[in-house]
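All of the numbers you see were taken from the coordinates with simple rules; none came from a lab. Just so it is clear, the structure is predicted and the values come from calculations on it, not from any experiment. So basically every Cβ, Gly included, is an ideal-geometry build from the backbone, and we count neighbours across all protein chains shown.
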Amino acid sequence: MGEAKLRVETTAFPGVFRSGNMVLTRNLAPGKRVYGERLFSQDGEEYREWVPDRSKLCAYIRKGGSAFPFRPDSHVLYLGASSGTTPSHVSDIVPQGRVYAVEISPRMFRDLVGVCEDRPNMMPILGDATKPDDLSFLVERADVVYQDVAQKNQAGMFAKAMKRFSAPCGMLAVKARSEDVSRDPRHVFQESAAYLRKEGFKVLEITDLEPFEKDHAMIVVES
Ligand SMILES: C[S@@+](CC[C@H](N)C(=O)[O-])C[C@H]1O[C@@H](n2cnc3c(N)ncnc32)[C@H](O)[C@@H]1O
């Protein structure tokens, strides 16, 4: 059970809670921390603090992002899972769904596997996000594609995965400096969005993640 008490309130986003400025999710693995986050209890439930400096999805919520495609039974294709910080919160948000957590680095993957062991709805996949065909035998369906991979052509990689799995919704965390260190990040965000529109997606929102993440934006799309 959590270590401290606080007043947890629901939000417009299913599975996301607030207490003042603090964002929380209900812990699907009670008693377990993933990255040193604080745990709190209320009415027999345990909640995990979601730290916006550690997670672009939480930064998006703190910045007032209003499009939130996750539902309790969503299947989420998560590209760039690293050691599982944000994927673990997504796992809390989709307790009847699934998180296919794809990571290319064997070192990060080892930590990711440990996080998935406590979470029945998380499947770790050691794989390459640029090759969605290679993932298809493990991914039953994707209601949401979430991508956080810092490399060139982020929008191209994202569009390919969205199309391969016919995903209705997606969230793309864009790191401007991975595209071009010399360009104004705002131009890079607009170019990524323009590319996605050209590929046939409807861009719902572009949210700059400053001050939590410098030179990053979250782009939310529908197919
Ligand atoms: C910024 S970190 C992700 C952080 C994570 N999304 C979170 O919020 O907890 C980006 C990750 O993408 C991984 N990555 C880079 N290229 C990749 C690729 N082609 N396929 C899958 N993962 C990749 C990196 O190894 C790194 O762990």
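Residues whose amide H falls under 5 Å from that of Glu46, counting only those 5 or more places apart or on a different chain, are Asn27, with hydrogens built in the peptide plane. The modelled label-to-label distance for the pair Arg71/Glu9, using points 7 Å beyond Cα in the direction of Cβ, is 2.7 nm. Full extension of the chain between Ser166 and Asn153 gives 2.7 nm of extra length, using 0.36 nm per residue less the Cα-Cα distance.
Entry for region 163-223 at q = 0.16, 0.18, 0.25 Å⁻¹: log10 I(q)/I(0) = -0.49, -0.61, -1.02, Debye formula applied to identical alpha-carbon scatterers, no solvent contribution. For region 4-50, the Stokes-Einstein estimate of translational diffusion at 4 °C and a viscosity of 1.567 mPa s comes to 122 µm²/s, using the Kirkwood hydrodynamic radius over alpha-carbon pairs.
Among beta bridges identified by DSSP and lying wholly in the chain, the antiparallel ones come to about 55 percent.
Restriction of the trypsin sites (Lys or Arg not before Pro) in region 174-223 to DSSP coil positions whose beta-carbon has at most 13 other beta-carbons within 10 angstrom yields Arg183, Lys214. Amide hydrogen proximity for Leu204: with H placed 1.01 Å from N in the peptide plane, the residues at 5 or more positions away or on another chain lying under 5 Å are Val220, Val221, Glu222. The Kirkwood hydrodynamic radius of the chain, based on inverse pair distances between different Cα atoms, is 17.5 Å.
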